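Structure first, then comments.
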Amino acid sequence: MREQRPAARILIADDHQLLADACKNLLEPEFSVVGIVNDGRDLADAVAASKPDIILLDIYMPRLNGLDAGEQVKKKNPGIKLVFLTMTLAADVAAEAFRRGASGYVLKQSAGTELLLAVRKVNRGESYLSPLVAKETVTFLLNKREPFTDEKRITRRQSEILQLLAEGLSMKQVASIIDVKPGTVAFHKYRMMETLNISTNAELLGYAIKHQMVAS
């Protein structure tokens, strides 16, 4: 008699608790849900503690967006598979998710059966893209091997700082979260505005929204 493989361990990262709970209930008969976190910055600690095989994560999450959080996890844990569950239909966002290490991209407006299908395929080592997203456009963008327009012009640290500022935190609060001095945050903000040729906070917020750091 063949020995049954243990169920894949899944960690859910989404700031909407009701949706996270619904995903847990949907997945648990077949998979082992090892935890739920509500923001991207808590994800790294949860990964170390729960050692998941698959992470189901949203793109829009407070303190650190899913694209940045997922990329950080993949760099430290290349074997973990990422499945993004998001409202975003845009092909360029989907392409960026796969560029950052995603194995799956599912829309929140899809049926629960689609999420199960995506997780099953990813667990088998395959990839999954929601049929509601233009696959040809995603493939074209991935083949171009170019990230979001302008994004690589700011550093990952600056991207983290920008998201926190765009969420309305003060420089002092941002400094406390990322463990630097407020003057360092101010310096990074100045350098970002200089690099991007941006002169107002409103333009900086617009940049953060465009690059999926915060919801519009």
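Pick out, from 101, 201, 66, the residue whose Cα sits farthest towards the positive end of the charge dipole of the chain, with +1 on the Cβ of Lys and Arg and -1 on the Cβ of Asp and Glu.
101
Find out how many positive minus negative residues lie around residue 37, taking Lys and Arg as positive, Asp and Glu as negative, among other residues whose Cβ is under 15 Å from that of residue 37.
Net charge around residue 37: -3.
Please build a GNM for the chain, connecting alpha carbons under 10 Å apart, and tell me which residue among 67, 205, 11 fluctuates the most.
Among 67, 205, 11, the largest GNM mean-square fluctuation belongs to 205.
From the backbone phi of region 176-182, what are the Karplus-calculated ³J(HN,Hα) couplings (6.51 cos²θ - 1.76 cosθ + 1.60, θ = phi - 60°) in whole Hz, Gly and Pro given as x?
Using θ = phi - 60°, the values come out as 5, 5, 9, 6, 9, 7, x Hz.
For region 34-42, just list the computed ³J(HN,Hα) in residue order, Karplus coefficients 6.51, -1.76 and 1.60, θ = phi - 60°, integers in Hz, with x standing in for Gly and Pro.
Once rounded to whole Hz, the list reads 9, x, 10, 10, 10, 8, x, 6, 7.
Counting only residues 5 or more places away or on other chains, whose amide H sits under 5 Å from the amide H of residue 63 once H atoms are built in the peptide plane?
none
Run the dipole for region 26-92 about the Cα centre, Lys and Arg Cβ at +1, Asp and Glu Cβ at -1, nothing else charged, and hand back the magnitude in debye, nearest 20.
Around 260 debye, computed over region 26-92.
With all protein chains present, how much of the accessible area of region 1-92 (probe radius 1.4 Å) comes from carbon and sulfur, to the nearest whole percent?
Values: 2480 of 4660 Å².
C and S atoms contribute 53 percent here.
Tell me, what % of the accessible area of region 113-194 is carbon and sulfur with a 1.4 angstrom probe?
Answer for region 113-194: carbon and sulfur cover 52 percent of the accessible area.
Just how large is the dipole of region 149-216 about the Cα centre, in debye to the nearest 20, putting +1 at every Lys and Arg Cβ and -1 at every Asp and Glu Cβ?
160
To the nearest 20 debye, what charge dipole does the chain have about its Cα centre, counting +1 at the Cβ of each Lys and Arg and -1 at the Cβ of each Asp and Glu?
Dipole magnitude for the chain comes out near 640 debye.
Amide H to amide H under 5 Å from residue 81: which residues, 5+ apart in sequence or cross-chain, H placed 1.01 Å off N in plane?
Result for residue 81 returns 54, 55.
Send over a whole-number figure in Å² for the accessible area per residue of the chain, probe 1.4 Å. Before the final figure, lay out the partial values.
Values: 11170 Å² over 216 residues.
Per residue, the chain has 52 Å² of solvent-accessible surface.
Using only Cα atoms, tell me the angle between helix 112-123 and the longest principal axis of the chain; keep it within 0 to 90° and round to the nearest 10.
90
Putting +1 on Lys and Arg Cβ atoms and -1 on Asp and Glu Cβ atoms, find which of 90, 50, 162 reaches farthest to the positive end of the dipole of region 40-173.
50
Would you please put 168-179, 96-107, 33-44 in order of how densely packed they are, using the mean number of other Cβ atoms within 10 angstrom per residue and starting with the highest?
96-107, 33-44, 168-179
What residues have an amide H closer than 5 Å to that of residue 128, excluding those fewer than 5 places away on the same chain, when H is modeled at 1.01 Å from N in the peptide plane?
104, 105
Build a GNM of the chain with springs between Cα atoms under 10 Å: which of 89, 165, 117 gets the top mean-square fluctuation?
Result for the chain, Cα springs under 10 Å: 117 fluctuates most.
The values are calculated or read from the model by the stated rules, or taken from the named source; none is laboratory data. Predicted, not measured: the structure shown is a model, and the values here were computed from it. Cβ coordinates were reconstructed from backbone atoms using ideal geometry, including for glycine residues, and neighbour counts include every protein chain displayed. In case anyone asks, the SASA skips ligands and DNA or RNA and just uses the protein heavy atoms, side chains included. Shrake-Rupley method; radii C 1.70, N 1.55, O 1.52, S 1.80 Å.
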